[in-house]
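The values are calculated or read from the model by the stated rules, or taken from the named source; none is laboratory data. Predicted, not measured: the structure shown is a model, and the values here were computed from it. Positions of Cβ are generated from backbone atoms using ideal geometry, with glycine treated the same way; all protein chains shown enter the neighbour counts. Each accessible area value is taken on the protein alone, full model and side chains, heavy atoms only, with ligands, DNA and RNA left out. Shrake-Rupley method; radii C 1.70, N 1.55, O 1.52, S 1.80 Å.
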Amino acid sequence: MTSPGVSRTVSLVAGVVLTAMVGLYAAQVVEPLAARVLAPPLLAHPQTQVPGTVTQTTASGEPAPDRSLLDTYCVTCHNERVKTAGLMLDTIDLSQVGVNAELLEQVTRKLRKGQMPPAGRPRPTPATIDAFATSLETALDRAAEASPDPGRVALHRLNRLEYVNAIRDLLALEIDGTALLPADTSGFGFDNNADVLSVTPALMARYLSAATKISRLAIPSPTIRPASQVFRASEFARQDVRRGEDLPFGTVGGFAFRHVFPLDGEYVFTIRLQRNRVGGTIRGIDDAHQVELRLDRALLARFDVGGEFQGSDPGILIAIPEEDVDAQRLHTYRLTADDHLELRATIQAGTHLVAVAFTDRAVLTEMVPVRPRSIQSSTFSDDAGHPGIGTLEIAGPYAGTAPKDTASLRQIFTCRPATVRDEAECARQILGTLARRAYRRPVTRSDVDPLLDLYTLGRTGGSFEAGIERALEALLVSPKFLLRIEPRPPGATPGTVYRLGDVELASRLSFFLWSSIPDDELLDLAERGRLSEPTVLEAQVRRMRADPRAVAFLRNFADQWLITRNMLLAEPDPRLFPDFDDTLREAFLQETQLFIESQVREDRSVFDLLRADYTYLNERLAGHYGIPNVYGSHFRRVRLPNDRRHGLLGHASVLTVTSYAHRTSVVLRGKWVLETLLGAPPPPPPPTVPPLEDNDRRQPTSLRERMEQHRDNPVCASCHARMDPLGFALEHFDATGRWREDDGGAAIDAVVTLPDGTHLDSPAAFRDALSSDEFVRTVAEKLLTYALGRGLEYYDAPAVRQLLRDAAPDYRWSSFVLGIVKSVPFQMRRVAEEITR
């Protein structure tokens with residue numbers, strides 16, 4: 001137990017920490033954001049080019065871009081008199097592109113994406129647009145090279161995933177971040193965006209609580225009291241198949257998870273089977289079944305359950321007469337048949353894999369597929385079918401003792417004092433090592449001495465380990481750990497652009513590729529000033545991409561970019577899609593995650609995201625797709641039998657999150673393609689737009705026919721002309737990604753014509769149309785946004801173009817990653833402007 005004096009001390013330290021964090025946040029986040037908001041808009045350069053004069057040159061002596069395209073097609077609306085959208089292109093001096101970079105980057109982007117000139121107005125030829133945009137971009141790139149602007153990332157709090165990964169790498173301890181910290185807000189599509197990672201008193205309280213729990217798990221104390229934790233299986237998942245790779249072959253149902261046992265001692269495992277919602281009786285125990293409990297894949301216990309009484313339980317719906325003894329016994333049995341599924345066992349401290357499942361070897365061959373419980377429609381009052389594991393409760397430790405050796409203890413205790421006299425020096429070594437890795441930089445006495453003071457408080461009246469635990473708790477709430485701080489060089493004035501030091505570069509690199517802290521090799525190179533050497537940096541990028549920790553980058557980036565993490569919230573209508581359940585939901589996610597991982601690991605072209613002829617399937621997902629000869633619950637690479645599902649556009653995860661619960665949505669799918677794949681999000685709809693009418697089953701019409709009626713509204717037509725064809729091209733896939741030929745009896749027509757006249761009559765033609773420069777540019781921009789932890793601004797456009805030039809013509813993932821790491825915005829930083837009051 002912690003003494004009141006120590007508690008008061010830690011509370012005082014927490015108050016100081018919170019004050020420091022609020023001060024840092026205000027100085028490095030609030031004021032720069034305010035400066036950005038309050039700054040006057042950039043104005044066009046006042047000089048006007050006189051028609052008929054000689055060709056102008058830029059400051060570098062190169063010919064200025066020819067402005068004839070602007071004068072012919074743009075200045076009619078965007079001039080000093082009309083000022084459409086606030087733009088005055090007639091006054092732009094193209095020999096001074098650096099002065100007008102923000103406006104000119106907007107011009108090139110609109111031209112490249114075909115958004116300007118607007119529909120119905122005269123338009124230049126594609127070749128003319130490309131020539132002008134290229135010359136303008138070249139001039140902008142020269143100006144950026146002469147005067148780079150890398151932007152500035154706000155003070156960056158570790159998000160929940162980064163915090164969990166940092167604890168894992170710092171303390172060799174796996175924690176459940178969702179139980180300790182709230183979810184993070186997203187900005188520009190990603191939850192590692194520094195501008196939205198705020199620090200509040202409520203969040204600080206959660207960090208304090210988490211630090212207490214984590215320090216006690218990492219350095220166990222015999223004073224830890226017994227506690228219980230309940231793990232639940234989804235009641236909407238099938239339990240007649242093997243439920244994952246962590247469960248043994250030959251098992252069905254159940255679930256597996258990793259659990260931290262804090263002490264060596266006895267723990268009680270209590271298994272409960274799934275029950276009906278009506279009456280609370282156990283399902284599926286007419287026949288005998290076996291349940292296995294395993295720890296780290298080794299068998300702990302096997303239980304027999306069921307088969308003693310057969311028949312429906314009348315007590316679910318009616319009161320049973322007292323004289324009906326058989327019915328009373330049957331009813332009692334269906335309430336208590338799993339009471340004996342309990343085990344008390346001695347477990348060593350540490351993180352262990354716990355698994356519980358059925359192993360009905362005698363009856364597996366007689367089983368028939370069981371339709372899972374519908375999410376909304378069932379009352380769950382059926383006694384028949386196969387039973388399901390409902391919960392597993394773990395209680396303990398009882399008679400616990402502190403372990404002598406765990407992965408966390410080995411990671412933390414880099415020395416052991418031989419005598420009391422040696423303790424202070426050993427504590428300094430331990431805390432110095434922890435602080436160096438946690439703070440991600442070399443540490444000084446001013447970093448370590450406050451931790452030693454807390455160690456002394458914990459050591460007073462306690463053990464050496466208790467003192468280290470107390471200091472560790474404070475370290476985990478330090479702003480030096482929770483915030484990614486990039487100090488400015490001494491004497492740097494506001495607006496100064498400077499190159500990051502190697503130590504700061506190491507943190508940017510590790511949080512980009514690992515979503516975690518640098519390891520010792522990376523930090524050692526940074527401290528010696530060698531990380532920024534081009535050959536060393538490139539070697540480290542290759543090493544880090546090959547490390548298993550890079551899976552966090554692959555999945556975290558892809559799940560957010562593609563919004564497939566929204567699969568966790570998708571609830572297709574069970575009346576229309578009765579086969580959808582949590583098992584299928586998990587399969588949708590697993591397919592896309594494995595696919596993205598293979599793309600990056602094999603260093604394929606980003607175009608293969610759209611055109612790859614393979615995917616990852618198990619039996620359940622293959623059945624959903626109508627692909628034969630795939631058996632078992634494990635995922636394997638499968639070459640697709642036709643081109644319908646090539647690439648991401650054939651993945652059920654993408655198709656489901658871009659649909660409504662009861663039908664597909666060409667608007668949601670078209671908007672997803674525009675925003676996610678082409679980087680051209682449409683504006684939000686007007687508030688007065690009426691909803692789309694549902695299909696009339698008496699006279700069914702296709703979604704296309706109803707959308708055409710909806711588009712008759714001229715307010716809607718302009719945006720829908722861009723979105724709808726992209727959505728209609730995917731209309732052969734229903735709201736759960738299953739291929740179909742009709743929609744409620746109305747034939748599907750997925751042949752579309754794009755606004756530029758391109759005719760698309762097949763999934764392959766659609767993918768070819770999307771495999772464009774705009775798609776590659778969007779991938780680069782999304783990846784750079786994720787890597788920097790901030791939204792992109794106009795001054796990042798030259799870096800994106802350089803990234804694309806370096807990655808061409810193959811556009812492989814390795815080229816993108818290395819190009820980002822070498823880029824100006826990744827390796828440099830601008831000092832924030834001061835606010836004058």
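Here's the yes/no breakdown for (1) at pLDDT 85 or above; (2) over 15 Å from Ile394 (Cβ atoms):
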{"position": "Ser221", "(1), (2)": "yes, yes"}
{"position": "Pro226", "(1), (2)": "yes, no"}
{"position": "Gly244", "(1), (2)": "no, yes"}
{"position": "Pro248", "(1), (2)": "yes, yes"}
{"position": "Gly254", "(1), (2)": "yes, no"}
{"position": "Phe257", "(1), (2)": "yes, no"}
{"position": "Val260", "(1), (2)": "yes, no"}
{"position": "Leu263", "(1), (2)": "yes, no"}
{"position": "Glu266", "(1), (2)": "yes, no"}
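Just one of Gly467, Gly461 is in contact with a Phe, Trp or Tyr (Cβ under 6 Å, 6 or more places away or on another chain), more than 30 Å from Ser147 (Cβ to Cβ) and either open to solvent by 50 Å² or more (accessible area, probe 1.4 Å) or at pLDDT 95 or above (or both); which is it?
Details: Gly461 fails: in contact with a Phe, Trp or Tyr (Cβ under 6 Å, 6 or more places away or on another chain).
Result: Gly467 is the single residue among Gly467, Gly461 that is in contact with a Phe, Trp or Tyr (Cβ under 6 Å, 6 or more places away or on another chain), more than 30 Å from Ser147 (Cβ to Cβ) and either open to solvent by 50 Å² or more (accessible area, probe 1.4 Å) or at pLDDT 95 or above (or both).
Given (1) open to solvent by less than 10 Å² (accessible area, probe 1.4 Å); (2) closer than 17 Å to Leu158 by Cα, identify the lone condition not met by Glu486.
Unmet condition: (1).
Pairs, please: C-beta under 8 Å, at least 6 apart or cross-chain, first residue aromatic (Phe, Trp, Tyr) and in the range 628-650, second part of a loop (DSSP other than H, G, I, E, B)?
Once the first residue is aromatic (Phe, Trp, Tyr) and sits in the range 628-650, its partners that are part of a loop (DSSP other than H, G, I, E, B) give Phe635/Asn618.
Exactly one condition in (1) open to solvent by 30 Å² or more (accessible area, probe 1.4 Å); (2) small (Gly, Ala, Ser); (3) at pLDDT 95 or above; (4) under 28 Å from Ala661 (Cα atoms) is not met by Ala747; state its number.
So the condition that Ala747 fails would be (3).
Can you tell me which residue among Asp93, Asp71 is over 41 Å from the mean Cα position of the chain (by Cα), open to solvent by less than 50 Å² (accessible area, probe 1.4 Å) and among the charged types (D, E, K, R)? I'd like the intermediate steps shown before the answer.
Values: Asp71 fails: open to solvent by less than 50 Å² (accessible area, probe 1.4 Å).
Among Asp93, Asp71, only Asp93 is over 41 Å from the mean Cα position of the chain (by Cα), open to solvent by less than 50 Å² (accessible area, probe 1.4 Å) and among the charged types (D, E, K, R).
Please state which of the following conditions Phe261 fails to meet, knowing it meets all the rest: (1) surrounded by fewer than 22 Cβ atoms within 10 Å (Cβ to Cβ); (2) over 12 Å from Gly388 (Cα atoms).
(1)
Mind checking which residues of the range 398-430 are hydrophobic (A, V, I, L, M, F, W, C) and more than 21 Å from Leu171 (Cβ to Cβ)? Break it down into steps so the answer makes sense when it comes.
From the range 398-430, those hydrophobic (A, V, I, L, M, F, W, C) are 399, 402, 407, 409, 412-413, 415, 418, 420, 424, 426-427, 430; that's our starting set.
The answer is Ala399, Ala418, Val420, Ala424.
Going by the conditions given, is Pro450 in contact with a helix residue (DSSP H, G or I) (Cβ under 8 Å, 6 or more places away or on another chain), over 30 Å from Leu554 (Cβ atoms), surrounded by fewer than 18 Cβ atoms within 10 Å (Cβ to Cβ) and modelled with pLDDT of 95 or more? If you could, list the steps in order and put the result at the bottom.
Details: in contact with a helix residue (DSSP H, G or I) (Cβ under 8 Å, 6 or more places away or on another chain): yes; over 30 Å from Leu554 (Cβ atoms): yes; surrounded by fewer than 18 Cβ atoms within 10 Å (Cβ to Cβ): no; modelled with pLDDT of 95 or more: yes.
When the stated conditions are applied, Pro450 does not pass them.
At least 1 residues that are farther than 22 Å from Val779 by Cβ in each: list the helices (runs of 4 or more DSSP H) lying fully within the range 454-568 that qualify. Give the derivation first.
Working: elements: 464-475, 479-482, 502-513, 520-527, 534-546, 550-561.
Ranges flagged: 464-475, 479-482, 502-513, 520-527, 534-546.
Against the conditions (1) modelled with pLDDT under 95; (2) open to solvent by 50 Å² or more (accessible area, probe 1.4 Å); (3) polar (S, T, N, Q), where does Ser234 fall short? Just the number, please.
(2)
Scan the range 605-618 for residues that are surrounded by 17 or more Cβ atoms within 10 Å (Cβ to Cβ) and not aromatic (Phe, Trp, Tyr) and jot them down. Please lay out each step first, then the result.
First, pick out the residues of the range 605-618 that are surrounded by 17 or more Cβ atoms within 10 Å (Cβ to Cβ): 605-612, 615-618.
Selection gives Ser605, Val606, Asp608, Leu609, Leu610, Arg611, Ala612, Thr615, Leu617, Asn618.
Looking only at the range 149-196, count every residue that is open to solvent by 50 Å² or more (accessible area, probe 1.4 Å) and part of a loop (DSSP other than H, G, I, E, B) and tell me the total. It would help to see each step written out before you state the result.
The first filter runs over the range 149-196 and keeps only residues open to solvent by 50 Å² or more (accessible area, probe 1.4 Å), leaving 160-161, 168, 174, 176, 178-179, 182-183, 185-186, 188.
Those left that are additionally part of a loop (DSSP other than H, G, I, E, B): 174, 176, 182-183, 185-186, 188.
The total comes to 7.
Out of all the residues in the range 388-400, is one or more assigned to a loop (DSSP other than H, G, I, E, B), touching a residue at least 12 places away in the same chain (Cβ under 8 Å) and farther than 22 Å from Ile167 by Cα?
yes
Could you check the range 574-604 and list, in sequence order, the residues that are in contact with a Ser or Thr (Cβ under 7 Å, 6 or more places away or on another chain) and either of a type in the set (S, T, N, Q) or surrounded by 17 or more Cβ atoms within 10 Å (Cβ to Cβ) (or both)?
At the first step, the residues of the range 574-604 found to be in contact with a Ser or Thr (Cβ under 7 Å, 6 or more places away or on another chain) are 574-575, 577-578, 580, 582, 588-589, 591-592, 595, 603.
Listed by number, the residues that qualify are Pro574, Phe577, Phe580, Asp582, Phe588, Leu589, Glu591, Thr592, Phe595.
Could you list, in sequence order, all residues of the range 401-446 that are crowded, with 17+ Cβ neighbours inside 10 Å, out of contact with any Phe, Trp or Tyr (no Cβ under 9 Å at 6 or more places or on another chain), of a type in the set (D, E, K, R) and not in a helix (DSSP H, G or I)?
Answer for the range 401-446, where residues must be crowded, with 17+ Cβ neighbours inside 10 Å, out of contact with any Phe, Trp or Tyr (no Cβ under 9 Å at 6 or more places or on another chain), of a type in the set (D, E, K, R) and not in a helix (DSSP H, G or I): just Arg441.
Could you look through the range 803-834, keep only residues that are of a type in the set (Ser, Thr, Tyr) and assigned to a helix (DSSP H, G or I), and pick out the one that is surrounded by the fewest Cβ atoms within 10 Å (Cβ to Cβ)? Steps first, answer last, please.
The first filter runs over the range 803-834 and keeps only residues of a type in the set (Ser, Thr, Tyr), leaving 811, 814-815, 823.
Right, trim to assigned to a helix (DSSP H, G or I) and you get 814-815.
Details: Ser814: 16, Ser815: 19.
That would be Ser814.
Restricting attention to the range 401-437, report how many residues are in contact (Cβ under 8 Å) with a residue 60 or more places away in the chain and of a type in the set (Gly, Ala, Ser). Can you show your working first?
First, pick out the residues of the range 401-437 that are in contact (Cβ under 8 Å) with a residue 60 or more places away in the chain: 401-403, 406-412, 434, 436-437.
Of the ones still in play, those that are also of a type in the set (Gly, Ala, Ser) are 402, 407-408.
Here the count works out to 3.
May I ask you to list the residues in the range 439-484 that are touching a strand residue (DSSP E or B) at 6+ places or on another chain (Cβ under 8 Å) and among the aliphatic types (A, V, I, L, M)?
Leu482, Leu483
Applying the selection to the range 650-665, what residues are outside any loop (DSSP other than H, G, I, E, B) and either open to solvent by 10 Å² or more (accessible area, probe 1.4 Å) or over 12 Å from Leu730 (Cα atoms) (or both)? Working first, answer last.
Step one: list which residues in the range 650-665 are outside any loop (DSSP other than H, G, I, E, B), which gives 650, 652-657, 659, 664.
Within the range 650-665, Ser653, Val657, Ser659 meet the criteria.
Anything in the range 241-256 that is of a type in the set (Gly, Ala, Ser), open to solvent by less than 30 Å² (accessible area, probe 1.4 Å) and part of a strand (DSSP E or B)? List them, or say none.
Those that are of a type in the set (Gly, Ala, Ser), open to solvent by less than 30 Å² (accessible area, probe 1.4 Å) and part of a strand (DSSP E or B): Gly253, Gly254.
Can you tell me which of Asp191, Asp184, Asp169 is among the acidic types (Asp, Glu), farther than 24 Å from Tyr267 by Cα and in contact with a Leu (Cβ under 7 Å, 6 or more places away or on another chain)?
Numbers: Asp191 fails: in contact with a Leu (Cβ under 7 Å, 6 or more places away or on another chain); Asp169 fails: in contact with a Leu (Cβ under 7 Å, 6 or more places away or on another chain).
Of Asp191, Asp184, Asp169, the one residue that is among the acidic types (Asp, Glu), farther than 24 Å from Tyr267 by Cα and in contact with a Leu (Cβ under 7 Å, 6 or more places away or on another chain) is Asp184.
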